[in-house]
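The values are calculated or read from the model by the stated rules, or taken from the named source; none is laboratory data. Because the structure is predicted, anything quoted here is derived from the model rather than measured. Because the Cβ atoms are built from the backbone with ideal geometry, glycine has one as well, and the counts that use them run over all protein chains shown. Remember, those area values only see protein heavy atoms, side chains included, never the ligands or the DNA or RNA. Shrake-Rupley method; radii C 1.70, N 1.55, O 1.52, S 1.80 Å.
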Amino acid sequence: MKLLRKVRAIFRREKVDREMDAEMRAHLDLQTERNIATGMGADEARFAALRQFGNVASLQERAREQRGWVWLEQFGKDLRLAARSLWRSPGFAATALLTFVFGIGAATAVFSVVHALLLAPLQYRDAGQLVQLQARHLERGISGLAPATFGDIAATNVSFATVAAQYYYYVNLTGTDTPTLVNSADVTSEYFKLFDVAALRGRTWQPQDLLPGAAPVVVLGHALWRSHFNSRDSIIGEQVLLDDVAYTVIGVMPSSFKDPSEIAQLWRPMREGADNLLDRSGHYWNGFGRLKPGVTLKTANTELATLGSQLERAHPKEYEEWTLQAADLRNAVVGDYRAGLFIVLGAVGCVVLITCANVTGLSIVRATARRKELAIRTALGSSRGQLLRLLLTENLLLAALGGSGGVLLAYWGLDVLLASLPEGWLPRADEVALSLPVLGATAGIAVLTGVISGFVPGFTAFRIDANDALKDSSRGSTGASSRRLRASLIVAEIALALILLAATGLLGRSFFGLMRKPSGLDAERVLSLTVSLSANRYESAARSLDFFSRAETEVSAVPGVEAAGFTHTSPFRWGIPVAFGPVHAGDVAAMENLPPAFTDSVSIDYFRAIGIPLRSGRRFTLADDSKAPPRVILSESAARRYFGTEDPIGRSVAGGPEPGGRFEVVGVVGDVPRSGMTADTPLQVYRPLAQRTPPFATLMVRTSLPPASLAKSVQAALWRIDPDIPVSDVATMDMFVRRSVAQPRLYFALFSLFAALAVLLACIGLYGLIAYSVAQRTREFGIRAALGARPREVLMLVVREGLLLVALGVGLGLAVSFAAAGLLERMIFSISPHDPAVFLGMPLVLALVAAVACLLPAWRATKVDPMTALRVE
């Protein structure tokens, strides 16, 4: 038994020896030598040392555990002390908390939008490998891919694992409860493979679906499946009517899948051997590619540039001044919003900096006011680290509470923001949310602002001399330095506030200038509806024209309707740019030197219905039918560009979608900014609907009643003619006008909010500094009053101190904002980014508001009673 214990002890010693580090083994050896020195044998001394070492290790382990619990206990103690301290200072706590809430809330809301649009990957597998393929015209700036060009890319590409293309087409969905005009994306065979997405129900394309003469098939989008087919699984294998053609539904896509532009409601396959695949001049396809692993975007663009040069040599007419390129798909989806969102993010950064500066200034005042408390803590044994930890804990607690309130504010603010935006206006709007990355960034901002605003006053507290602070008459040794630091923070706040005010001024001047810009039409009390005709039932232009004529008659008979007219395209929504040129002495001018004109087919009463004024000549009449010579009406800009100061009536223009077309000019009407109020006024050419009848058109209805109240009556009148006619996009015309300025309005609203918040925080900080200065100088003001100083002199003395800070902040902010104004050039219209009215007016506004913040505490200084002030210690 004794031998067994000895063996076990040996194994135990070897195990401990293996597990011990060098330092612990050294201690064990030292204790063994000490035991031998007392007369023990070697083995007995070793065993005794092991027993002792085991006890020491146990004690060390317990000490380590104790230190962990002590740390947690100390943190809880600091948290309780911070909460009690803030509870005793409700004014400071409330002001700092609200500052954190508004600053962090604004940052969270804007970062939610920025993250969804610019940072989060698209909802496709390996989205970073997806690119958009396009051809761009070097001078016109237009882009699009011709079908034959896509075929060349697919046949020769090396950089892409898969390429696909699509084009959008309106189709009539009938045979359901309500006829509907839906957006179809006609796509190439590899489309779903490129995005690596499978159908939620059924399947996508198989090779037999793409063969010429194959039965028509369609894949439904999830939203259309839910809204028109009640999410029925049995829809797979059923037929739906698209333009009166029966298509078999073979699949339904998941709700997470949308085409990159979020337009398509269903997908149809493009057939092999289709004639349009040979077209090199029509740039209406959208191309996509998935890069092979290891291939960069630069390599792909080099390949496309080489192909573009080859195509230009082979087909100079179609490819001259066109360039092929690939662009990151996410950047292509976001488009023009990228620069604007980064500028808005910069504005939020200014608000966060002002938040830090404001709370830091408040904390410095509070730390200075707590000098005696901190001195007593120091005298009782608190280290500087403990004081810093206490002040940091207070500000971190405020930042945590403010961050929570900011998240709640951002949650409400995002709902309001997204609800105010026109549907489909903001790309990826359905992905904007308080996601985990956004909440993580919010937590980081809260911690950072809490640390910054707590560390600076904590560092100031290091310089407190306990003996000096405990003297009743002491003013403290840190007063001057802390006041200089607070003054510097106020200057920075005012500078940042002026930067935001200047940006707001520029955006405001631009926005209100757009609102005053003539729209070229009388959009008030005009209802707009899109009507689409089936190509199978309205196979001829005569039948289509008959429907449009009957529809105008039926709608005009609805009570409250003053005029009704059709247009192929629609102002403020979309148009068709086509090359036109004047005819001089039988010769056509070089049209390549002229900008394209928007061409449109309109009915007789269109101009009266939408309120476009006639400038000269006449409007279309019944005589301008298909048997009459081709005729057009020009906009003022087009008439001026084509014929200068000459009278255009009776002259001719050439061009249009039909080769060799020549048209007599019979009238001139007012200009309309077709692409929106932010765009330049284009050239426009109107043709009679009877001479060029489209398959779908927009009906404009002028009413004497609120337009929305007549929507159902007008639709009923159309369905009396044909109950299977889809009527879509029912809206008032003034809504489309307002939507065209939605982006400038959004930017102006956001910057106005940020600027107002920045000015408020800066003025609160300025007021706090001056009020604290007045409180510190109460004795001085009492002496001045006792020596005969008048209230006005005391007032000016205090105000001068505040206005000096304001002047420094305004000067700094003016220099920075003037230098950075060029960043807003793409966000403003019709004004200079260095508009003198803004850069003279905004500093004056800020100075006046800041002067009020200085006057309030200065006025209190004039009310100081000399006898009371002289007793103040």
**Asked** What accessible area per residue comes out for segment 219-331, rounded to a whole number of Å², with a 1.4 Å probe?
**Response** 49
**Prompt:** Under a 1.4 Å probe, what is the accessible area of segment 685-773 per residue, stated in Å²?
**Reply:** 34
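How many percent of Cα pairs in segment 75-128 exceed 18 Å? Kindly include the intermediate steps, with their values, before the conclusion.
Numbers: 856 of 1431 pairs.
When all Cα pairs of segment 75-128 are counted, 60 percent exceed 18 Å.
Local charge sum around residue 698 (other residues, Cβ-Cβ under 12 Å, Lys/Arg +1, Asp/Glu -1)?
Once all neighbours under 12 Å are counted, the net charge is -1.
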**Asked** Measuring from label point to label point, each 7 Å out along Cα→Cβ, what is the residue 830 to residue 662 span in nm?
**Response** 4.0
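Please give the direction-averaged projected area of the C-alpha convex hull for segment 644-717, in square nanometres with one decimal. It would help to have the intermediate numbers written out before the result.
On the way: hull surface 33.0 nm².
Over all viewing directions, segment 644-717 projects a mean Cα-hull area of 8.3 nm².
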**Request:** Give the dimensionless ratio obtained when the Cα radius of gyration of segment 231-318 is divided by 2.2 N^0.38 Å.
**Result:** 1.56
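What ranking do 694-702, 734-742 get when scored by the average of other Cβ atoms within 10 Å per residue, highest first?
Numbers: 694-702: 23.2, 734-742: 18.8.
Result, highest mean first: 694-702, 734-742.
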**Prompt:** For segment 526-643, max minus min Cα coordinate along each principal axis, in Å, sorted largest first?
**Reply:** 47, 33, 29
**Message:** For a protection proxy built on the mean count of beta-carbon atoms within 10 angstrom, sort 346-353, 712-719, 430-437, 489-496 highest first, please.
**Reply:** 489-496, 346-353, 712-719, 430-437
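Take the Cα radius of gyration of segment 681-751 and divide it by 2.2 N^0.38 Å, with N its residue count; two decimals is plenty.
Relative to the 2.2 N^0.38 Å estimate, segment 681-751 comes out at 1.50.
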**D_trans [Stokes-Einstein, Kirkwood Rh over alpha-carbon pairs] for segment 85-203, 25 °C, 0.890 mPa s, µm² s⁻¹** = 123
**Message:** Please list, short to long, the whole-number percent of alpha-carbon pairs of segment 557-714 in consecutive 5 angstrom bins beginning at zero.
**Reply:** 2, 9, 18, 22, 20, 14, 7, 4, 2, 1, 0
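Between residue 345 and residue 735, 0.36 nm times their residue separation minus their Cα-Cα distance comes to what? Can you show the working numbers first?
Working: separation 390, 0.36 × 390 = 140.40 nm, distance 2.86 nm.
Here the segment from residue 345 to residue 735 would lengthen by 137.5 nm.
Dividing the Cα convex hull volume of segment 184-263 by residue count, how many Å³ per residue is that? Could the numbers behind the result be given before it?
Values: hull volume 8.0 nm³, N = 80.
Measuring per residue, one finds 99 Å³ for the Cα hull of segment 184-263.
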